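**Student:** First the structure, then my questions, so here it is.
The values are calculated or read from the model by the stated rules, or taken from the named source; none is laboratory data. What you are looking at is a predicted structure, and each value in this text was computed from that prediction instead of being measured. As a convention, Cβ positions derive from the backbone with ideal geometry for all residues, glycine included, and neighbour counts pool all protein chains shown.
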């Protein structure tokens, strides 16, 4: 019998795991944004001293994990398993980034929702008694993502206003069975939602229905509403998707109000930075969570946060074949207390 299942799709953790350590690193453009002080390290060189964009992204992962381990006073040998993924084929950025650490690995893929998915699986493994310490880490790099999903930067392709800029960053979080918190208390995995969007440059419109579906399921399963949280953070809907999400809830008579924020809008200043509709990429939600959000909980700015990362499950092949863009969102509830 599923004793930890609430409603249709929300898991209530019996012994909520604690964030033992978390860290985020970012690139130069991200470091010029409003969250600059929340990053543990900012790298002015987009190549990170490496010979390719892909190797640079792996270096971001290595840096984030190393810093998170240091903050938690743990070594790689203390980590029972890592859940990780990125946007590149075969999740090479994260697997190459941790390949020398000797940590048992579960590779996962949820596009830009990967940090929420990784964090959810790490939390379930600790709460289930399968791990004392579990690591969740994701990454993205503007240049490596452009080369894979669109065109190499040398091509000089133009992006429409609805497009989002892939964030160059990585975030890593270690969940432990013991500790003073913050804690992961609930997990709501999402369903695949496809509203027929075919424009690969309008990810916000494609992902907003998935965010709405998961958030609505979470609230119904808990018998609560948005007011149960101090902050409801999506990622990465950008300006277009965030407006659509608000419209969906408004049609239900629910006003998200100032409780809602989006990682893609938090990480950049759209008035001063040329990022079009905002930020995106696995590293966007990961770096905002592992810096700005968790630091805010520790500082007492928020007590309860619902972290809901979103992902567009497309590939260059499906895009060229004219397929629609199916999307998914995973919600993780984080609280300062158990």
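**Student:** Against the conditions (1) closer than 24 Å to residue 310 by Cα; (2) without any contact (Cβ under 8 Å) to a residue 40 or more places away in the chain; (3) not in a helix (DSSP H, G or I), where does residue 92 fall short? Just the number, please.
**Tutor:** For residue 92, the failing item is (3).
**Student:** Of everything in region 188-212 that's over 22 Å from residue 281 (Cβ atoms) and modelled with pLDDT of 95 or more, which residue is surrounded by the most Cβ atoms within 10 Å (Cβ to Cβ)? Reasoning before the result, please.
**Tutor:** Just the residues of region 188-212 that are over 22 Å from residue 281 (Cβ atoms), to begin with: 188, 191, 196.
If we keep only those that are modelled with pLDDT of 95 or more as well, we get 188, 191.
Numbers: 188: 28, 191: 13.
Applying the filter and picking the extreme gives 188.
**Student:** Can you tell me which of 324, 317, 308 is over 22 Å from residue 60 (Cβ atoms) and in contact with a strand residue (DSSP E or B) (Cβ under 9 Å, 6 or more places away or on another chain)? Don't jump to the end; show me each part of the working.
**Tutor:** Numbers: 324 fails: in contact with a strand residue (DSSP E or B) (Cβ under 9 Å, 6 or more places away or on another chain); 317 fails: in contact with a strand residue (DSSP E or B) (Cβ under 9 Å, 6 or more places away or on another chain).
That would be 308, the only listed residue that is over 22 Å from residue 60 (Cβ atoms) and in contact with a strand residue (DSSP E or B) (Cβ under 9 Å, 6 or more places away or on another chain).
**Student:** When region 269-300 is examined, which residues are found to be assigned to a loop (DSSP other than H, G, I, E, B) and touching a strand residue (DSSP E or B) at 6+ places or on another chain (Cβ under 9 Å)? Steps first, please.
**Tutor:** Here is the first cut: in region 269-300, the ones assigned to a loop (DSSP other than H, G, I, E, B) are 269-275, 277-278, 281, 299-300.
Scanning region 269-300 gives 270, 273, 274, 275, 277, 278, 281.
**Student:** Take residue 16 and tell me if it is under 27 Å from residue 133 (Cβ atoms) and assigned to a loop (DSSP other than H, G, I, E, B). Working first, answer last.
**Tutor:** Values: under 27 Å from residue 133 (Cβ atoms): yes; assigned to a loop (DSSP other than H, G, I, E, B): yes.
In short, yes.
**Student:** Without any contact (Cβ under 8 Å) to a residue 12 or more places away in the chain, surrounded by fewer than 16 Cβ atoms within 10 Å (Cβ to Cβ) and out of contact with any strand residue (DSSP E or B) (no Cβ under 8 Å at 6 or more places or on another chain): is that true of residue 77 in this structure? I'd like the intermediate steps shown before the answer.
**Tutor:** Working: without any contact (Cβ under 8 Å) to a residue 12 or more places away in the chain: no; surrounded by fewer than 16 Cβ atoms within 10 Å (Cβ to Cβ): yes; out of contact with any strand residue (DSSP E or B) (no Cβ under 8 Å at 6 or more places or on another chain): yes.
So residue 77 fails the test.
**Student:** Next question, about the same structure. Scan (1) part of a loop (DSSP other than H, G, I, E, B); (2) in contact with a strand residue (DSSP E or B) (Cβ under 7 Å, 6 or more places away or on another chain); (3) farther than 24 Å from residue 329 by Cα; (4) modelled with pLDDT of 95 or more for the single condition residue 46 breaks and write down its number.
**Tutor:** (4)
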